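Reading through the structure tokens given below for one structure.
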Amino acid sequence: MIGSLVVVGTGPGNPEQMTPEAAAAIAAAEDFFGYFPYLDRLSLRHDQRRHASDNREELARAREALAMAAAGGKVCVVSGGDPGVFAMAAAVCEALEAGPEEWRDIDLTIIPGVTAMLAVAARAGAPLGHDFCAISLSTNLKPWHVIEERIVAAAKAGFVMAFYNPISKARPHQLGAALKLLRHHLPPSVPVIFGRAAGRPDEMIRTVTLTDAAPEMADMATCIIVGTSETRFIERGVKEPLVYSPRSHRDGGA
């Protein structure tokens with residue numbers, strides 16, 4: 001008997017930012033596969049089972065979940081944020097494509113969630129108000145020169161950029177290299193938003209100019225949003241400034 005597999009995004013970590021659709025899917029599932037901290041966010045019943053693994057085991061996790069679903073299980077794969085943004089939905093699809101033919105009969109559902117750049121952007125104002133892109137700075141799945149090419153192309157094209165996976169112990173220098181690269185292509189006054197744990201009790205949101213942006217302002221849990229020459233500050237006295245990108249493009253911008 002073929003079972004079901006649902007891939008959910010739990011949002012940026014605040015339970016109130018999980019969608020009702022995701023919560024309903026979690027309530028209906030029996031077995032849960034995911035990275036340890038993401039599974040820890042769930043309040044599972046005694047009859048629901050956890051299968052936790054490390055964050056670099058995405059494909060193995062996806063294969064195990066698919067195999068259990070193919071055997072008739074009601075399986076849930078858990079991501080933080082949105083499962084389709086640098087997360088488990090792509091890994092599940094990759095494993096499904098390469099796996100046994102019977103896996104394609106599994107009832108597969110992917111449920112969206114609030115991804116980190118949306119949560120950080122909402123806290124800062126509306127920096128994603130015009131065209132934007134998301135770039136992972138991790139070199140686990142692509143070489144650094146590809147990341148550099150994409151950063152330069154986005155900067156030249158006038159895209160606001162959201163950086164995921166900006167820094168880690170294994171990659172301590174890449175965020176600094178990315179910021180240095182941006183300074184060659186963007187004005188020094190461009191806003192840079194460092195957003196960590198948006199919506200959670202340990203939230204930290206900091207907005208600086210590109211000139212003042214520094215790697216030590218981020219860790220692996222930080223999402224960074226880099227504006228364009230058109231992105232604006234609205235000063236608010238002692239409060240954090242609002243940052244927004246105008247909906248209309250002015251000639252000569254970017």
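The table below gives the values:
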| item | result |
| --- | --- |
| Exclusive hit being open to solvent by 20 Å² or more (accessible area, probe 1.4 Å) and either farther than 18 Å from Gly9 by Cα or polar (S, T, N, Q) (or both), set Leu108, Leu141, Leu137 | Leu141 |
| Output for region 27-63, where each listed residue is under 20 Å from the mean Cα position of the chain (by Cα), in a helix (DSSP H, G or I) and of a type outside the set (Gly, Ala, Ser) | Phe36, Pro37, Tyr38, Leu39, Asp40, Glu58, Leu59, Arg61 |
| Residue count for region 85-122, restricted to those that are touching a Pro at 6+ places or on another chain (Cβ under 7 Å) and either free of Cβ contacts under 8 Å to residues at least 40 places away in the same chain or within 21 Å of Thr228 (Cα to Cα) (or both) | 3 |
| Which numbered condition Gly125 fails, given (1) touching a residue at least 40 places away in the same chain (Cβ under 8 Å); (2) buried (at least 21 other Cβ atoms within 10 Å of the Cβ); (3) within 15 Å of the chain's Cα centre (by Cα); (4) within 25 Å of Pro166 (Cβ to Cβ) | (3) |
| Test: residue in region 62-72 that is free of Cβ contacts under 8 Å to residues at least 40 places away in the same chain and in contact with a helix residue (DSSP H, G or I) (Cβ under 7 Å, 6 or more places away or on another chain) | yes |
| Test set (1) within 21 Å of Gly81 (Cα to Cα); (2) open to solvent by less than 20 Å² (accessible area, probe 1.4 Å); (3) not polar (S, T, N, Q) - Ala178 fails condition number | (1) |
| Within region 162-254, strands (runs of 3 or more DSSP E) holding 1 or more residues that are within 22 Å of the chain's Cα centre (by Cα) | 191-196, 204-209, 222-226, 239-244 |
| Considering residues of region 1-33 that are within 22 Å of Ile106 (Cβ to Cβ) and among the charged types (D, E, K, R) only, the residue least open to solvent (accessible area, probe 1.4 Å) | Asp31 |
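The values are calculated or read from the model by the stated rules, or taken from the named source; none is laboratory data. No experiment lies behind these values; they were computed from the predicted model shown. Quick reminder, even Gly has a Cβ in these numbers, built from the backbone with ideal geometry, and neighbours come from all protein chains shown. Calculation scope for accessible area: heavy atoms of the full protein, side chains included, ligands and nucleic acids excluded. Shrake-Rupley method; radii C 1.70, N 1.55, O 1.52, S 1.80 Å.
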